[in-house]
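*Asks:* This is the structure I want to talk about, given as structure tokens.
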Amino acid sequence: MLNVKKVVLRSRPGKNGIPIPENFRVDDVLESSELKEGQVFVRTLFLSVDPYMRCRMNDDTGAEYLLPWRLEDCVDGGGVGLVEASKNQALSVGAVVTSFNWPWQTYSVMDGSLLQEVDPEMADGHLSYVLGALGMPGITALLGVREKGHVTPGSHQTMVISGAAGACGSIAGQIGRLDGCERVVGICGSDQKCQTLITELGFTAGINYKKGDISSALREHCPAGIDVYFDNVGGAISDAVIAQMNPGGHVILCGQISQYNKDLPYPPPLREETQETLHRKNITRERFVVLNYMEKHAEGLTQLSHWVKTGQIKVLETVVNGIENMGEAFCSMMTGGNIGKQVVKISD
């Protein structure tokens, strides 16, 4: 038997409630490390917190592909760890593995078929990148831009990204630049984040939505209008961006974090005025679900890995230490406390 720390869902915030760290609890439990055929024993290295998890805190996630977390059960999400014992022929001791359904606990017995082995070289030795730039957020950014953005090199396009300093937005803006957008403008929640977008990630400009008028700032930084909008937040910010989009533009509907604490369908309904703008200007706005493009993930990860290794994409991370801080890290991420990908380091 082994002493294991695990995070359980203690309470739900309610459909319209704001999550608090106390919705989670850390338990010390004794668990068997005995393996059946096909299983592996893993030590957790890093765990991910992501906006979509807010939906899993509700009884009903509102999305057919997401199951709710159950009260008093161990929470799960993206994770990466090390195989310390194995009864699975495909996974040897010492292998680095990842999963979208990794339990929030320090050690776990897992079915090897649920794990993907990771080549540490792909992540340039930064194993946490597997949860960010070289994981679901990075693939979402790449395929979102490629499948829904219709970026054409040499056509002087302007791309705007909301939630631009987050895990997905920070990568999406850099991909927009690499794929040929003339101007890449990020919207985020602090002057520091705006500065980081420009000086470290190569954005043309950053707009702090908490200061001044967004519409005026968009007119200043997007003088030829907006052609592509990578939407991570929804709400009033998206209304302001869509109002200044050019005819035939494209909205990449990735996330709606500003609406996740409200009891609304996904994607949330738009203001009538915004809906009319989309229709009048023939702007596409289609829901983007990265799981619908699984056959393109391997090729996409190869491309992202190349960009990261060659420095063409810079990776930003906010790292919190200790499994006891999972709830704090999740709630901080939901209110914009992170720059880049928010991860929690569980062990060395």
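*Asks:* All but one of (1) part of a loop (DSSP other than H, G, I, E, B); (2) in contact (Cβ under 8 Å) with a residue 24 or more places away in the chain; (3) closer than 25 Å to Y293 by Cβ hold for P137, so report the exception by its number.
*Replies:* That leaves (1) as the condition not met.
*Asks:* Looking at E72, is it loosely packed, with under 15 Cβ neighbours inside 10 Å and in contact with a Ser or Thr (Cβ under 9 Å, 6 or more places away or on another chain)? Can you show your working first?
*Replies:* Numbers: loosely packed, with under 15 Cβ neighbours inside 10 Å: yes; in contact with a Ser or Thr (Cβ under 9 Å, 6 or more places away or on another chain): no.
So E72 fails the test.
*Asks:* I would also like to ask the following. Anything in the stretch 27-49 that is surrounded by 18 or more Cβ atoms within 10 Å (Cβ to Cβ) and either of a type in the set (V, I, T) or in a loop (DSSP other than H, G, I, E, B) (or both)? List them, or say none. Full working, then the answer.
*Replies:* First, pick out the residues of the stretch 27-49 that are surrounded by 18 or more Cβ atoms within 10 Å (Cβ to Cβ): 39-42, 44-49.
Answer for the stretch 27-49, where residues must be surrounded by 18 or more Cβ atoms within 10 Å (Cβ to Cβ) and either of a type in the set (V, I, T) or in a loop (DSSP other than H, G, I, E, B) (or both): V40, V42, T44, V49.
*Asks:* So, one more: Take the residues of the stretch 3-19 that are of a type outside the set (A, V, I, L, M) and not in a loop (DSSP other than H, G, I, E, B): which is surrounded by the most Cβ atoms within 10 Å (Cβ to Cβ)? Don't jump to the end; show me each part of the working.
*Replies:* Filtering the stretch 3-19 down to residues of a type outside the set (A, V, I, L, M) leaves 3, 5-6, 10-17, 19.
Going one step further and asking which of them are not in a loop (DSSP other than H, G, I, E, B), we end up with 3, 5-6.
On the way: N3: 10, K5: 18, K6: 20.
Across the stretch 3-19, the extreme among qualifying residues is K6.
*Asks:* So A236 clears everything in (1) part of a helix (DSSP H, G or I); (2) closer than 30 Å to E117 by Cα except one condition, right? Which one?
*Replies:* (2)
*Asks:* Here's another thing I want to ask about it. Given the options L270, L201, name the one that is in a loop (DSSP other than H, G, I, E, B), outside the structural domain of G62 (by TED's automatic domain parsing), at pLDDT below 95 and surrounded by 16 or more Cβ atoms within 10 Å (Cβ to Cβ). Give the steps one after another, and end with the answer.
*Replies:* Numbers: L201 fails: at pLDDT below 95.
Result: L270 is the single residue among L270, L201 that is in a loop (DSSP other than H, G, I, E, B), outside the structural domain of G62 (by TED's automatic domain parsing), at pLDDT below 95 and surrounded by 16 or more Cβ atoms within 10 Å (Cβ to Cβ).
*Asks:* Given the structure, is V80 within 20 Å of P51 (Cα to Cα), of a type in the set (A, V, I, L, M), modelled with pLDDT of 95 or more and in the same structural domain as F24 (by TED's automatic domain parsing)? Reasoning before the result, please.
*Replies:* Values: within 20 Å of P51 (Cα to Cα): yes; of a type in the set (A, V, I, L, M): yes; modelled with pLDDT of 95 or more: yes; in the same structural domain as F24 (by TED's automatic domain parsing): yes.
For V80, the condition - within 20 Å of P51 (Cα to Cα), of a type in the set (A, V, I, L, M), modelled with pLDDT of 95 or more and in the same structural domain as F24 (by TED's automatic domain parsing) - is met.
*Asks:* Just need a number here: residues in the stretch 184-198 that are in a helix (DSSP H, G or I) and either within 22 Å of P223 (Cβ to Cβ) or not β-branched (V, I, T) (or both). Outline the logic, then answer.
*Replies:* Of the stretch 184-198, the ones in a helix (DSSP H, G or I) are 191-198.
Imposing the further condition that a residue be either within 22 Å of P223 (Cβ to Cβ) or not β-branched (V, I, T) (or both) reduces the set to 191-195, 197-198.
So the count comes out to 7.
*Asks:* Only one of (1) over 21 Å from P137 (Cβ atoms); (2) modelled with pLDDT under 95; (3) surrounded by 18 or more Cβ atoms within 10 Å (Cβ to Cβ); (4) not β-branched (V, I, T) is not met by S86, so which one is it?
*Replies:* (2)
*Asks:* Would you mind stating whether L91 is of a type outside the set (K, R) and within 24 Å of the chain's Cα centre (by Cα)?
*Replies:* Working: of a type outside the set (K, R): yes; within 24 Å of the chain's Cα centre (by Cα): no.
For L91, the condition - of a type outside the set (K, R) and within 24 Å of the chain's Cα centre (by Cα) - is not met.
*Asks:* Restricting to the stretch 97-134, count the residues that are outside any helix (DSSP H, G or I), among the small types (G, A, S) and surrounded by 22 or more Cβ atoms within 10 Å (Cβ to Cβ).
*Replies:* Step one: list which residues in the stretch 97-134 are outside any helix (DSSP H, G or I), which gives 97-111, 115-126, 132-134.
Filter again for among the small types (G, A, S), leaving 99, 108, 123, 125, 132-133.
Retained after the next criterion (residues that are surrounded by 22 or more Cβ atoms within 10 Å (Cβ to Cβ)): 108, 123, 132-133.
Of the residues in the stretch 97-134, 4 are outside any helix (DSSP H, G or I), among the small types (G, A, S) and surrounded by 22 or more Cβ atoms within 10 Å (Cβ to Cβ).
*Asks:* Tell me yes or no: at least one residue of the stretch 311-321 is within 14 Å of G132 (Cα to Cα), touching a residue at least 40 places away in the same chain (Cβ under 8 Å) and assigned to a helix (DSSP H, G or I). So that I can check it myself, show each step before the final result.
*Replies:* Step one: filter the stretch 311-321 for residues within 14 Å of G132 (Cα to Cα), giving 313-319.
Then keep just the ones that are touching a residue at least 40 places away in the same chain (Cβ under 8 Å); that gives 313-317, 319.
Within this subset, residues satisfying the condition of being assigned to a helix (DSSP H, G or I) are none.
Within the stretch 311-321, none of the residues are within 14 Å of G132 (Cα to Cα), touching a residue at least 40 places away in the same chain (Cβ under 8 Å) and assigned to a helix (DSSP H, G or I).
*Asks:* For a quick check of your reading of the model, give me the residue pairs whose first member lies in the stretch 3-19 and is more than 17 Å from T335 (Cα to Cα) and among the small types (G, A, S), whose second is at pLDDT 95 or above and not in a strand (DSSP E or B), with beta-carbon atoms closer than 6 Å and at least 6 apart or on different chains.
*Replies:* Close Cβ pairs satisfying both conditions: S11/N23.
*Asks:* Tell me whether the stretch 168-185 contains one or more residues that are more than 27 Å from T318 (Cβ to Cβ), in contact with a helix residue (DSSP H, G or I) (Cβ under 7 Å, 6 or more places away or on another chain) and not acidic (D, E).
*Replies:* Within the stretch 168-185 (the criterion being more than 27 Å from T318 (Cβ to Cβ), in contact with a helix residue (DSSP H, G or I) (Cβ under 7 Å, 6 or more places away or on another chain) and not acidic (D, E)), the answer is no, since none of the residues qualifies.
*Asks:* Can you give me the number of residues within the stretch 155-183 that are under 26 Å from S332 (Cβ atoms), touching a Ser or Thr at 6+ places or on another chain (Cβ under 8 Å) and not in a helix (DSSP H, G or I)?
*Replies:* The total comes to 3.
*Asks:* Only one of these conditions is not met by T152: (1) in the same structural domain as R287 (by TED's automatic domain parsing); (2) of a type outside the set (F, W, Y); (3) surrounded by fewer than 24 Cβ atoms within 10 Å (Cβ to Cβ); (4) not in a loop (DSSP other than H, G, I, E, B). Which number is it?
*Replies:* T152 satisfies every listed condition except (4).
*Asks:* Any idea how many residues of the stretch 50-84 are in a loop (DSSP other than H, G, I, E, B) and not aliphatic (A, V, I, L, M)? Show your work before the answer.
*Replies:* The initial filter retains those residues of the stretch 50-84 that are in a loop (DSSP other than H, G, I, E, B), namely 50-52, 57-73, 75.
Filter once more, keeping what is not aliphatic (A, V, I, L, M): 50-52, 58-62, 64-65, 68-70, 72-73.
Here the count works out to 15.
*Asks:* Restricting the stretch 318-345 to residues that are of a type in the set (D, E, K, R) and surrounded by fewer than 21 Cβ atoms within 10 Å (Cβ to Cβ), which is nearest to V29 (Cα to Cα)? So that I can check it myself, show each step before the final result.
*Replies:* Pass one, the stretch 318-345, residues of a type in the set (D, E, K, R): 324, 328, 341, 345.
Checking the rest, the ones that are also surrounded by fewer than 21 Cβ atoms within 10 Å (Cβ to Cβ) come to 324, 328, 345.
On the way: E324: 14, E328: 21, K345: 20 Å.
For the stretch 318-345, the residue satisfying everything is E324.
The values are calculated or read from the model by the stated rules, or taken from the named source; none is laboratory data. Because the structure is a prediction, the values reported are computed rather than measured. A quick note on method: Cβ atoms are made from the backbone with ideal geometry, for glycine too, and the neighbour counts reach across all protein chains shown.
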